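Here the structure comes first, spelled out in structure tokens, and everything after it is commentary.
The values are calculated or read from the model by the stated rules, or taken from the named source; none is laboratory data. Predicted model, so just to flag it, every value in this text is computed and none were measured. Backbone-built Cβ (ideal geometry, glycine too); neighbour counts: all protein chains shown.
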Amino acid sequence: MKKLLKHHETYLVIIIVILSAVITSRNANFFTAENMFDLLKSNSFYGIMAIGVLFVLISGGIDISFPATATVAEYIMAVVIINMGGNIVVAVLIAVVVGSILGFVNGLLVYNFRIPSIITTIATMNIYYGLLTFITGGKWIYSLPDWFRSFAQIRLLTFYNADGAAYGLSIVTFIWLLVVLAAVFILRFTLLGRGIYAAGGDRKAAVRAGINVFFTETFVYTFMGFLAGLAGVVQALLVQTVAPNSIVGKELDVIAMVVLGGASLAGGKGSVTGTLLGVALLAILQNGLTLMAVPPVWYEFFVGVVILVSIGFSSLQAKKKSGNTSVIELSLEEAAE
Amino acid sequence: MKKHAGIIILCICFMLLVPGLFAGGQQEAADGELEIATVVKITGIPWFNRLEEGVKQASSELGVKAYQIGPSDADPAQQVKMVEDLVSKGVDAICITPNDAKALEPAFQKAADKGIAIITHESPDQKGKDYDVELIDNVKFGRHFWDMLAKYMGDSGDYAIFVGSLTVPLHNLWADEGLKYAAEKYPNMNLVTERIPCGEDQELSKQKTLELLKTYPDLKGIIGFGSLGPPGAAQALKEKGLDGKVSVVGTVLPDHAAPYLKEGSMQHGILWDPKDAGFAMTWIAKQVAEGKAITNGMEIPGLGKVMLDGDVIKVDAVIDITKDNVDSFGF
């Protein structure tokens, strides 16, 4: 129990449980399989990008450009499948290849010029987005192919509610699930994953330890681009409209979810579980505010309060720990484990 | 040296390119035809691309040299500079949708000193203009949404409102006017919650609609201001098999709304056509530049009779978009 309390994730779970209980007491429709599956579907887009941001944050960087990357990948994908046809595999391939290339450029710039990643990616965001607006003239795309439309409606598990409307595990949620599994695998079980943590924790030490920082750094930005491209496809599947300005502006929401999940802006810290909980917390909160009939003018206020409370809890705990424990006690504690 | 060569080549390319970009505007007007420039808030978005079509139509139909320019983002300072440039160039009239009414006043004064006509759009209280053109009456426009919603869902029952954000002036003005009107005319229509700021984000509108359905099971209608609100709502309704049972009325671009109107998950769109605004501004600018008077009840070709209210010209050019006419607009 005591060990559990040391984890940031534990506090998130507690807050999510309390929040869910409050919402359910006000509106029983919250805690239903239908609402949960709806939430999982509509948050897949955020969830996929959050995993990418997690990797970049762990490696000690930050990426602001991913919504622009997602938009460019989504737009190119849409133009190609409308004009040349194809299938869902082709669509995903185009988007992730474009996304990966743009992400790779970010990685190269950050590694070679050692410009702070926030500046680099603000610059590339403007370049990617600016070029897209210039070339497309801001034109929206509505007429996506029928096969693209019907793919979005695939469900792996189907249930029916009282009114006979179908719901269930959407293919879109399944894509998110695959991304999560891949992320856990890379971070937990590969040398690359260890290298990302090491480079973010202490870059110099990582270099001395023989970790290829060039590889880890370009990998995290490329992976971010890859996932941004995938998220772009998911967004297009969800809304069936591609508008050049529909994703840009969401970067801070996603970064907030990941930081809420315990990733450190200073690098070296963060977990997939935490990130999922961060996404879940903000998603449930947004969902719950409407379900509890809270007037919309209060939405932002409550989002701010919940972020502060969740971060505050675990920071306070961390502070208590570092304040109370002397070096010897710490080593004893570690020995006891 | 190699490095310098690169820079020099770049400079030369730049110098070669830049005059080319502006050359279109610099050709002398042939045999004294009027030159009328339109300055929009921002270039490269669908709304003003459509407005430009009206300007081009006016150019060919009215025999004037009319064209459209605008800043790359909605920047008041850039607009001021563009107006000043047009004044020094000596155009005959300037049509403009201002980003900032106040910032433009000194530039308009300079134009007036040189006898250049100024026609504004979406800025009825603008100082220094000759005329302002409005294609909708905001009060009537707002009320129209409630009339249409009542037509589809009946004059009693629960409904909700989407706006682009709580700070978009026009959306909230329409909502205010409509609610005042509904309080008297449709007392049995019940707004379930305050207006929800999601109308500029289709995915968010979809999510909010799903949540509304779970919170207010008797919901019968949604009014959406902001062009992405109604399609998002329609998608959610379709997904839950409630298309047609909950009515959706809102501002939409016709081509975007077409699939939803046709499948019946959305009932009615209300908008005005920016192309009409481009045409109307240029038409009025031509009248003023030629020294002709604008009078109450005179007719703008293709748009109908005007109502003159001081120096504000109102034309009732609201378009109703339904499944039957949605393909006829071409935007």
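Taking the residues in segment B:174-226 that are of a type in the set (Gly, Ala, Ser) and touching an Asp or Glu at 6+ places or on another chain (Cβ under 8 Å) as candidates, determine which candidate is nearest to the other protein chains (Cβ to nearest Cβ). Per the stated criteria, the residue is B:GLY226. Annotation: B:GLY291 fulfils all but one of (1) on the phi > 0 side of the Ramachandran plot; (2) touching a residue at least 40 places away in the same chain (Cβ under 8 Å); the unmet one is (2). Helices (runs of 4 or more DSSP H) fully within segment A:132-214 that include at least 1 residues being exposed (fewer than 15 other Cβ atoms within 10 Å of the Cβ), in contact with a His (Cβ under 9 Å, 6 or more places away or on another chain) and in contact (Cβ under 8 Å) with a residue 12 or more places away in the chain: none found. Go through the residues of segment A:12-24 one by one and say whether even a single one is surrounded by fewer than 24 Cβ atoms within 10 Å (Cβ to Cβ) and within 14 Å of chain B (Cβ to nearest Cβ). Yes, there is a match, as at least one residue in segment A:12-24 is surrounded by fewer than 24 Cβ atoms within 10 Å (Cβ to Cβ) and within 14 Å of chain B (Cβ to nearest Cβ).
Return the residues of segment A:63-90 that are of a type in the set (A, V, I, L, M) and surrounded by 24 or more Cβ atoms within 10 Å (Cβ to Cβ); say none if nothing qualifies. Hits for segment A:63-90 are A:ALA68, A:ALA70, A:VAL72, A:ALA73, A:MET77, A:ALA78.
Residue-by-condition table, conditions (1) at pLDDT 95 or above; (2) assigned to a helix (DSSP H, G or I):
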| position | (1), (2) |
| --- | --- |
| B:GLY199 | no, no |
| B:GLY226 | no, no |
| B:ALA234 | yes, yes |
| B:VAL249 | yes, no |
| B:ALA257 | no, yes |
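Selection of segment A:215-246 for residues being assigned to a helix (DSSP H, G or I), of a type in the set (S, T, N, Q) and within 14 Å of another protein chain (Cβ to nearest Cβ) yields only A:GLN235. May I ask you to verify whether A:THR24 is in contact with a Gly (Cβ under 7 Å, 6 or more places away or on another chain) and not aliphatic (A, V, I, L, M)? No, not satisfied. B:ASP276 falls short on exactly one of the conditions (1) more than 12 Å from B:VAL326 (Cβ to Cβ); (2) within 14 Å of chain A (Cβ to nearest Cβ); (3) in a helix (DSSP H, G or I), and that condition is (2).
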